[in-house]
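J.: Below you'll find the structure I mean.
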Amino acid sequence: MKSFMSKEKSIKHQRRILVLLDAHAILHRAFHALPSFTSPQGEPTGALYGFTAVLLKIIRELKPDYLAACYDLPEPTFRHIAYEKYKIQRPKMADELVPQIEKSREILSVFKIPIFEHPGFEADDILGAIVDQLKNEQDLQIIIASGDLDTLQLVKNDEVLVYTLRKGVQDVLLYNEAAVKERFGFGPKLLPDFKGLRGDPSDNIIGVPGIGDKTAKVLVQRFGSIENIYKALKQDKLAFEKAGIKPRIIKILEDHKEDALFSKTLAEIRRDAPIAFSLENAAWRGKFDASKAKDIFQRLGFKTLIDRLP
C-alpha cells in the first residue's frame, strides 16, 4: 500500500482541515477493541476511553481547523422502512455501551464540538450531507474519521479523505481516491455497486446470490456501475464470458437484477439529510474548556489522557 494509506503525516497542511467524527463507528470499534474498563464509580468506560483517545490523537496529529461529530439515532431509518430486514441480524446493543454513547456527547460538549444527527438517517448520511454542502468550499480538506470502511464512497481526490481505524484505536489508515482505487481496483463512486452485487452480511444487504468479492470486483472493474452492467449484458453477453464470467453467473445476474439495484440503493450514502452545517460553528483550534476536560477525565478515571490534552 502507498504511504498515503499508512501514514497520517502525509496530509498536507496548506489547506484548512475539517475533521468529521463518525462517532458511533468509533465507539463501536473501541468497545470491541479495548478491555472493559470501569470508572472509579464502577461505570463501564472502555469504549469511551478509546473514543476519547482517538479524539485526542486526531487533534494532536491532524490539527483540525474545524471539528464536528455525527451520530446515529435509535429510531428506524429510511433503509429500515424500505427493507424491514435491514441490519436485522445484528445483536441488540450491549447494555454497557449505551451509557458510554451518551457520555461521549458530554465529552464532545466539553471540547465544544458540535453534533449533527437527524431522525430517519444514519450517521453516514449525515456525513454525506455535510460533504455535499461543502463541495464548493475552496481550500478545504475534509477528513472523515471512522471505525469502518463504509464511508469510503465519500472519498474524492485529496479533498475528502477517510481516516479509519485498522487495529484497535491507534493503528490507522488514510484513504484518498488513489488509495481506494489501489485497494479495490475502482473508484469510490462504484463502491455501492460493488456492495450491491456482493451484498453486505453486516447490514443484511442481500446482493446477488452466488456473487462474492472476486466476481463483483471483476464485474465492476470491467463494466462499471450496476446500471451499465445490465446495459452491457443486454447488448453483448459474450463480453462477459471474455471477462471470465461463467454462463451460470450470467444467468444469476439476469434473474436478480432487481435485487442488485435494490441492494445498491441500500448501500448508497444519501447526501440530502436536512441538516444545516456551518463551518463557522464548527471552528475549533483549541477552543475547549481545559479545566472541565480535566475534571471529567478524573471522574472517568482517564488519568493517562490528561497529559494528552492539547
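J.: Could you tell me how many of the residues in segment 82-107 are under 21 Å from Ala53 (Cα atoms) and acidic (Asp, Glu)?
T.: Matching residues across segment 82-107 total 3.
Quick grid of which residues meet (1) in a loop (DSSP other than H, G, I, E, B); (2) out of contact with any helix residue (DSSP H, G or I) (no Cβ under 6 Å at 6 or more places or on another chain); (3) surrounded by fewer than 18 Cβ atoms within 10 Å (Cβ to Cβ); (4) not aromatic (Phe, Trp, Tyr):
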site	(1), (2), (3), (4)
Ile250	no, no, yes, yes
Glu254	no, yes, yes, yes
Asp259	no, yes, no, yes
Phe262	no, yes, yes, no
Ile269	yes, no, no, yes
Ala273	yes, no, no, yes
Phe277	yes, no, no, no
Asn281	no, yes, yes, yes
Arg285	yes, yes, yes, yes
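J.: Filter segment 72-120 down to residues that are closer than 20 Å to Phe277 by Cα and acidic (Asp, Glu) and give me whichever is surrounded by the most Cβ atoms within 10 Å (Cβ to Cβ).
T.: Asp72
J.: Restricting the first residue to segment 252-274 and requiring it to be at pLDDT 95 or above, which pairs with a second residue that is buried (at least 21 other Cβ atoms within 10 Å of the Cβ) and polar (S, T, N, Q) meet a Cβ separation below 7 Å and a spacing of at least six or different chains?
T.: Within 7 Å, the pairs are Ile269/Gln153.
J.: Would you confirm, using the coordinates I've provided, whether Pro40 is over 21 Å from the mean Cα position of the chain (by Cα), in contact (Cβ under 8 Å) with a residue 12 or more places away in the chain, surrounded by fewer than 20 Cβ atoms within 10 Å (Cβ to Cβ) and on the phi < 0 side of the Ramachandran plot?
T.: yes
J.: Still on this structure, please answer the following. Does segment 166-183 include one or more residues that are at negative phi, buried (at least 22 other Cβ atoms within 10 Å of the Cβ), assigned by TED's automatic domain parsing to the domain that holds Phe262 and under 18 Å from the mean Cα position of the chain (by Cα)?
T.: Taking every residue of segment 166-183 in turn, none turns out to be at negative phi, buried (at least 22 other Cβ atoms within 10 Å of the Cβ), assigned by TED's automatic domain parsing to the domain that holds Phe262 and under 18 Å from the mean Cα position of the chain (by Cα).
J.: Checking Lys217 against (1) touching a Phe, Trp or Tyr at 6+ places or on another chain (Cβ under 8 Å); (2) part of a loop (DSSP other than H, G, I, E, B): exactly one of these is not met. Which one?
T.: Of (1) touching a Phe, Trp or Tyr at 6+ places or on another chain (Cβ under 8 Å); (2) part of a loop (DSSP other than H, G, I, E, B), only one is false for Lys217: (2).
J.: Report, by residue number, each residue of segment 287-310 that is touching a helix residue (DSSP H, G or I) at 6+ places or on another chain (Cβ under 8 Å) and not in a loop (DSSP other than H, G, I, E, B).
T.: Lys292, Ala293, Lys294, Ile296, Phe297, Gln298, Leu300, Lys303, Leu305, Ile306
J.: Same structure, new question: What is the residue count in segment 144-193 for residues that are in a loop (DSSP other than H, G, I, E, B), over 23 Å from Ile206 (Cβ atoms), in contact (Cβ under 8 Å) with a residue 40 or more places away in the chain and not hydrophobic (A, V, I, L, M, F, W, C)?
T.: Qualifying residue count for the region: 5.
J.: Does segment 230-245 contain at least one residue that is among the polar types (S, T, N, Q) and assigned to a loop (DSSP other than H, G, I, E, B)?
T.: There is no residue in segment 230-245 that is among the polar types (S, T, N, Q) and assigned to a loop (DSSP other than H, G, I, E, B).
J.: Could you grab me the full set of residues in segment 64-79 that are closer than 15 Å to Ile113 by Cβ and not hydrophobic (A, V, I, L, M, F, W, C)?
T.: Pro64, Asp65, Tyr66, Tyr71, listed by residue number.
J.: Go through (1) modelled with pLDDT of 95 or more; (2) surrounded by 19 or more Cβ atoms within 10 Å (Cβ to Cβ) one by one and return the number of the condition Leu233 breaks.
T.: Here Leu233 meets the rest and fails (2).
J.: Could you check, for segment 291-300, whether at least one of its residues is surrounded by 15 or more Cβ atoms within 10 Å (Cβ to Cβ), assigned by TED's automatic domain parsing to the domain that holds Lys214 and more than 29 Å from the chain's Cα centre (by Cα)?
T.: Within segment 291-300, none of the residues are surrounded by 15 or more Cβ atoms within 10 Å (Cβ to Cβ), assigned by TED's automatic domain parsing to the domain that holds Lys214 and more than 29 Å from the chain's Cα centre (by Cα).
J.: Determine which member of the set Leu108, Leu161, Leu154, Leu134 is touching a helix residue (DSSP H, G or I) at 6+ places or on another chain (Cβ under 6 Å) and either among the aliphatic types (A, V, I, L, M) or not assigned by TED's automatic domain parsing to the domain that holds Asp203 (or both).
T.: Result: Leu154 is the single residue among Leu108, Leu161, Leu154, Leu134 that is touching a helix residue (DSSP H, G or I) at 6+ places or on another chain (Cβ under 6 Å) and either among the aliphatic types (A, V, I, L, M) or not assigned by TED's automatic domain parsing to the domain that holds Asp203 (or both).
J.: So, one more: Looking at segment 72-107 only, could you name the residues that are in contact (Cβ under 8 Å) with a residue 40 or more places away in the chain, of a type in the set (A, V, I, L, M) and within 27 Å of Lys294 (Cα to Cα)?
T.: Leu97, Ile101, Ile107 - these are the residues of segment 72-107 that are in contact (Cβ under 8 Å) with a residue 40 or more places away in the chain, of a type in the set (A, V, I, L, M) and within 27 Å of Lys294 (Cα to Cα).
The values are calculated or read from the model by the stated rules, or taken from the named source; none is laboratory data. Predicted model, so just to flag it, every value in this text is computed and none were measured. Note that we place each Cβ from the backbone using ideal geometry, even for glycine, and neighbour counts take in every protein chain shown.
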